Structures are given as structure tokens and as C-alpha cells.
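To keep things clear, I will list the structure first and then write my remarks on it.
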Amino acid sequence: MRGEFCYSAAARSFRHSSGHMLIFLQETRLDISSTTIRDNVAGGKSIRYLVPDRVIDYITTHGLYCGPNDGSP
């Protein structure tokens, strides 16, 4: 994009002369590994908020990472 950008400190963003914006977001990184997920499931601990609900449903439906008599992540 050629043109000029104008920075807005209040919005923490740049606006291009075409009207497009670049917005900088701050995120919190979570230290989550697949090993942690598997260990939590195998240990009967919740993985809610660590993975999407669809992933929990898939793990539960397919009995992944749990013992033979336990089917809940």
C-alpha cells in the first residue's frame, strides 16, 4: 500500500490514507503443550479453557488419552 500512515497513540493504531488501519493488540501467551493436555486428560484433570470445546468433544467421543475404564477428559 502506497500512501501515508498517521499514527494515533490513543487508538494504538496506524491509519492509512486509503482508510485501512493497522491495529496493534496485546495478547497473553499461554504456556500450553500437547503433553500437558494429554497428561491432564489421563490424570482426570479438566482441559476446559486450554482447548476449544470441539476438541474436548472429540477427545471424549474417541476416548483419547484416558484409561480403558475412564472416558472423560
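Give 63, 67, 44 a once-over and let me know the one that is at positive phi, surrounded by fewer than 13 Cβ atoms within 10 Å (Cβ to Cβ) and either modelled with pLDDT of 95 or more or not hydrophobic (A, V, I, L, M, F, W, C) (or both).
On the way: 63 fails: surrounded by fewer than 13 Cβ atoms within 10 Å (Cβ to Cβ); 67 fails: at positive phi.
Residue meeting the stated conditions: 44.
Look at (1) aromatic (Phe, Trp, Tyr); (2) exposed (fewer than 11 other Cβ atoms within 10 Å of the Cβ); (3) over 19 Å from the mean Cα position of the chain (by Cα) and you find that residue 14 fails only one, number (2).
The values are calculated or read from the model by the stated rules, or taken from the named source; none is laboratory data. Only a predicted model underlies this, so the values are computations on that prediction, with no experimental measurement involved. Ideal geometry is used to build each Cβ from the backbone, glycine not excepted, and the neighbour counts take in all protein chains shown.
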